[in-house]
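Only one structure is covered here, and it is reproduced in the block below.
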Amino acid sequence: MEFPGPMELINYFQKNADALITTLSIPCQRPFDHNFIQFWCVPLLTSDLYMSKICQEASSTDTEIPIKEKLTYKRYIYERRVLKGLHEGEPWFHSRISRQEAEIRLKNAGGKSGLFLVREKRGDKRSREYYSLSLCYQREYHHYIIQQTANGRLQFASANKSMRINQFGSIVQLIDYYYRHQHAGLYSVITDTDAFSAP
């Protein structure tokens, strides 16, 4: 049996024991102050700031449910929402610029191998091509389309149907993965986030 992600797997086994000895019924939560997932591409994100963002997201919805209860039983929902928008404040995210403008910015920032930026794609709103990763390699520029799958996950578009495509819940998770897994199919290793800041 396959699941799109860990949350779907957990949801399934909360209702069906199948190969397990019992259903999943009582989550063992990490301590309130020990939650942190650290991302290489978001260096200023501290555990306090991350938790603050999650609490802010939780307090803005379902106001009739106490915050502690929401963070105990629905924390993953708020974490997922925070992760989806986490890239927007990062210097490597350049919002809606053209491919040509991306190349100019990479060149002006030094153009060394590994320098990258992420930009929103301009185009048809019905398209699933939402973002593009622009990456320098040996003073050449390579652009990778990041598309959204039918289940809302993000992946690089690929013409090679036999290639295994990794899927991610957010841009930050995608960038972090390709930094940590240096031979995962990109021309160059993603290495540089601080060569420029988005205007």
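Taken together, the values in this text are just the output of simple stated rules run on the coordinates, not laboratory data. Since this is a predicted model, take the numbers as computed values, not measurements. Heads up, the Cβs are rebuilt from the backbone with ideal geometry, glycines too, and the neighbour counts pull from every protein chain shown.
Key figures for this structure:
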{"item": "Proxy reagent accessibility, fewest Cβ within 10 Å first, across D176, D18, D62", "result": "D18, D62, D176"}
{"item": "Separation of the K107 and I165 label points, Cα + 7 Å toward Cβ, nm", "result": "3.1 nm"}
